[in-house]
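Everything below concerns the one structure shown next.
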Amino acid sequence: QSSVLAGTRNEITAALQTNVDLLGASKITLCCFDNAVSVDSSNRVGLRVLGAASTLPRFCPASNLTAQSVDIGEWVPNTFEISFTLCDGVENKVAAFELITISFNITNPTARQTAPTIAISASGTFLVSGTAVDVTGDSLLGVPNGKDPLQVEVPKFHQGALEQSSPFSDAANVISLSFAPTVDLEGNRGAVITITGINAGTQPSSTLALLDEAAPWFCVSGEDSKAAYDHVSGTVTFTVCAGKKVASIEFDGVGPSWKVKFTMKNPSVSQVTSENLLSATSALFDVPAVALVIIDTTVFGIDNAKNPLRVVVPTFLDFTMSQSVFYG
């Protein structure tokens, strides 16, 4: 298949071969493309016959086997089957041991799913019983078995996390981000990851130096290990470098994950934690925003001290003095 992404148009390519001639009016059926949707409201499926025989309009609507102008199959929405009926005429037969390749489009379901087992059968001149279709098991966009028909993934971030090193006003504060995408985020497809809610007070918009293992994957103006902070929107953007990809991770709730750090200067006034959202965009898909997990930890007696950008101004809450006598 051409796409593993939920809800997208997906070109399916199938190669088939039999040990007997399939003559005109024979019907080939592929079943079942679970939860897929026809791209045509009339449930007709446009076909392309690839290779040496591509000039022949082999397949016709079952209701008109002499329609030689187009290749048409039929979608059965209740069973998620696709059937292709050979047109009348000896020139349209599929000869024994002849390998033909066809392609057609369907729309992927909107939810994640594992590739179903798809069987091919034929009826007409001969009955060819259902046989499981071989698949490659190759990955696509980092999704295991992503090239297997109807293996579907929803682009998202597994639960990410964000924490800070210091809650004190005017301090240099190391922000640590960890995340795991379900699909590859590729620099050559313009992938950009964004964190919102980074309220760094008066710190101006600037380029941030990145640390940790994922740092070299992100660039600003072609320079790696950099991200961009925007003071007005309170966002940090990580642009994936050209030629690199932030690979998908099969996240089990513990790890592994991609990790990157950057340093901000805390505001000079106290403030509470803001909500931090993580999202991404690319030429192929968008990854919807997800709230980053924060660590509600007490440090130096300060509640939620590791929650970005929780800031406290160290101060005495009460200070009194007295003397024992007032005379010399």
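Every read-out reported here was derived from the displayed coordinates using simple, explicitly stated rules and does not represent laboratory data. Being a predicted model, the structure only gives us computed values, none of them experimental. Every residue, glycine as well, gets a Cβ built from its backbone with ideal geometry; the counts of neighbours run over all protein chains shown.
A few notes on this one:
- Intensity falloff of the range 184-328 expressed as log10 I(q)/I(0), Debye formula with alpha-carbon point scatterers, at q = 0.11, 0.16 Å⁻¹: -0.51, -0.95
- Among residues other than residue 240 with Cβ under 9 Å from its Cβ, the summed charge is +2 (Lys and Arg +1, Asp and Glu -1).
- Averaging the sequence gap over all C-alpha pairs within less than 8 Å and six or more residues apart, then dividing by the number of residues, gives the range 1-134 a relative contact order of 39 percent.
- Note on the range 243-298: percent of Cα-Cα distances in each 5 Å bin, starting at 0 and stopping at the bin with the largest distance, equals 4, 10, 14, 26, 20, 13, 8, 5, 1.
- Cα-only radius of gyration and Dmax that characterise the range 149-202, units Å: 16.0, 55
- Calculated FRET value between residue 324 and residue 274, using beta carbons and R₀ = 56 Å, to 0.05: 0.65
- Measuring r between the beta carbons of residue 316 and residue 296 and using R0 = 30 Å, the FRET efficiency lands at 0.70.
- Unit charges at the beta carbon, dipole of the chain: most positive-side option, 233, 162, 99: 233
- Sites listed here are GluC sites (Glu not before Pro) in the range 172-256 whose DSSP assignment is loop and whose Cβ has at most 13 other Cβ atoms within 10 Å: 213, 250.
- For the range 1-49 and the range 296-313, distance of Cα centres in Å: 57 Å
- Cross-link pairs 27/156; 147/306; 27/245; 147/226; 245/265 - those with Cα-Cα distance over 32 Å: 27/156; 147/306; 27/245; 147/226
- Over all other residues within a Cβ to Cβ distance under 15 Å of residue 133, the charged ones net out to -4, with Lys and Arg as +1 and Asp and Glu as -1.
- Convex hull of the range 273-328 built on C-alpha atoms - directionally averaged projected area, nm²: 6.5 nm²
- 10 Å-binned pair-distance histogram of the range 1-151 (Cα, whole percent): 12, 43, 34, 11, 1
- Answer label for Rg and Dmax of the Cα atoms in Å (calculated), chosen among [x] 30.2, 106; [y] 29.7, 128; [z] 24.7, 73: [y]
- In the chain, Cα pairs under 8 Å separated by at least six residues give a relative contact order of 17 percent.
- Two-site label geometry, residue 192 and residue 135: point separation in nm, points 7 Å out along Cα→Cβ: 3.5 nm
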